[in-house]
Amino acid sequence: MERFFIVKGLTFKIYNHIRELPNNWDDVAVSNVFLQTHYLEVLEKSAPTNMQCFYIGIFENQELIGVSLAQYLDLNKLESFGERDKCFKTFIRNFIFKNFASHTLFLGNNMITGQNGYAFSKEIDFEHISEILMESAKEITTYFKNKKIKIHLVSFKDFYEHCSVELKKFSLSNTYEFNTQPNMIFYLDKKWKNKEDYIATFSKKYRDQYKRAHKKFDGIHVKELNLDEVILHEETIYDLYHYVAKNAPFNTFFLAKNHFSTMKKQCQNHFLIFGYFLKDKLVGFHTILLNGTVLETYFLGYDSQVQKENMLYLNMLYNMTEYGIEKGFEKIIFGRTALEIKSSIGAIPINMSGFIYHNNKLINKYIEYFFKKLEPEAEWQMRHPFKEVGSTKLEVRNTKYEVRNTKYNLKSFEF
């Protein structure tokens, strides 16, 4: 696409293919692996069949200073919105999405949880960021309009509270701000050097939970898989992933069958996949991405019967945590699913906001009403596994979450 002028020497250009990107793209995206070309190439080569990606370069006087990602999803191509919840409300929700929101544009990455939509090599004020996001959405919407495709919904995805507050002051001021389930994040104590240090901080109840899960895990062998092994087990890996994905409460995509081998090939040692074997049979796997000082959990899968009998999922959470501790990561991003069990191993809920509008003015007028009616409810109990949680006070009220601490900082958190 052509280059579009914003203000004060800022322009942006939208690219359809990785090969078109400026040579210094990765220099600008250095702070976030999900915006670097080796990951973006995974999306281009093995994106979900109903997804098309766009790559946005932001320039100041011809110099690339920012990068961003957008994703178009055609929900008409989706095999299922999720099969776990079968009720009238779910039926209505699916009907509405099919007929009034089947063409959706995300500014950000709909495949992962977290603020991964943009990165800059220099400080840019929120007024210009909000304008770039809004204008990019308009240009991509026009692009599809010229192809006789009408974008229904536009969503700006996943902002931490301090960012959403600022963005709301400018171009996104008239756009509905929503909060879905929180992002479960585990801020690792710097004093922990191994799993023994971690387990020692548990109260008796959660030490017993760890011991019980570890005992159930007996007989299962965990192995990090290299590329050849991922390719060898690719069909089983996909089947295990697909079982978990289709039983989620809501889906907007399913991964391509070659996604995990493509990820391993492109991201190499930044992407790790661990196989769980019972009597030499692959019965589960989990994946992680190394993103600087942050450990990002990615997709996983398991055999439902083994999961039930061997507490497979809980043991995966412990294993990911122990890996993060031993390798010296500052925090682990666990995402939005299975909130209660993730809190039982030490993760805490961090509120994230998004912004959304519908291109039908009448529907957009009532979008807050529709969104609140259709958003899946999350009822869960926050767990507190440690003997002491320090000065942080957590309050959970009616699935609204907030972390209250006068010294709270998203970049540095200690118990």
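Key figures
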| read-out | value |
| --- | --- |
| Set Lys190/Lys223; Lys13/Lys138; Lys215/Lys279; Lys204/Lys279 screened for pairs whose C-alpha atoms are more than 23 Å apart | Lys190/Lys223; Lys204/Lys279 |
| Magnitude of the charge dipole, the chain, Cβ model with Lys/Arg +1 and Asp/Glu -1, debye to 20 | 1180 |
| Portion, in percent, of the accessible area of segment 113-236 that falls on carbon or sulfur, probe 1.4 Å | 50 |
| Å² of accessible area per residue within the chain, as computed with a 1.4 Å probe and no ligands counted | 48 |
| Förster radius 22 Å - calculated FRET efficiency between Tyr243 and Glu309, Cβ distance, rounded to 0.05 | 0.90 |
| Heavy-atom accessible surface of segment 251-352: percent carbon and sulfur, 1.4 Å | 47 |
| Relative contact order %, the chain, counting alpha carbon pairs below 8 Å whose residues are six or more apart | 19 |
| Packing rank of 362-372, 260-270, where each peptide gets the mean count of other beta carbons within 10 Å, highest leading | 260-270, 362-372 |
| Cross-link reach list, lysines versus Lys191, counting only Cα pairs under 16 Å and skipping chain neighbours closer than eight places | Lys327, Lys331, Lys387 |
| Cα-based shape type of segment 328-371, given that a ≥ b ≥ c are square roots of the gyration tensor eigenvalues and the cut on a/c is 1.5 | prolate |
| Sorted peptide list for 278-286, 154-162, criterion being average Cβ within 10 angstrom, highest first | 154-162, 278-286 |
| Anisotropy class of segment 231-314 from Cα gyration tensor, a/c 1.5 cut | rounded |
| Charge-dipole axis of the chain as Lys and Arg at +1 and Asp and Glu at -1 on Cβ define it, positive-most pick from Phe355, Cys53, Tyr143 | Phe355 |
| Greater than 26 Å apart at Cα, pairs in Lys157/Lys365; Lys195/Lys308; Lys193/Lys308 | Lys193/Lys308 |
| Contact order relative to length of segment 95-185, as percent, for alpha carbon pairs under 8 angstrom and 6 or more apart | 42 |
| Antiparallel DSSP beta bridges within the chain, as percent of all bridges there, nearest 5 | 90 |
| Peptides ranked, highest mean first, by Cβ atoms within 10 Å: ranges 170-178, 219-227, 298-306 | 298-306, 170-178, 219-227 |
| Shape of segment 120-175, Cα gyration tensor, a/c cut at 1.5 | prolate |
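The values are calculated or read from the model by the stated rules, or taken from the named source; none is laboratory data. Predicted model, so just to flag it, every value in this text is computed and none were measured. Because the Cβ atoms are built from the backbone with ideal geometry, glycine has one as well, and the counts that use them run over all protein chains shown. In case anyone asks, the SASA skips ligands and DNA or RNA and just uses the protein heavy atoms, side chains included. Shrake-Rupley method; radii C 1.70, N 1.55, O 1.52, S 1.80 Å.
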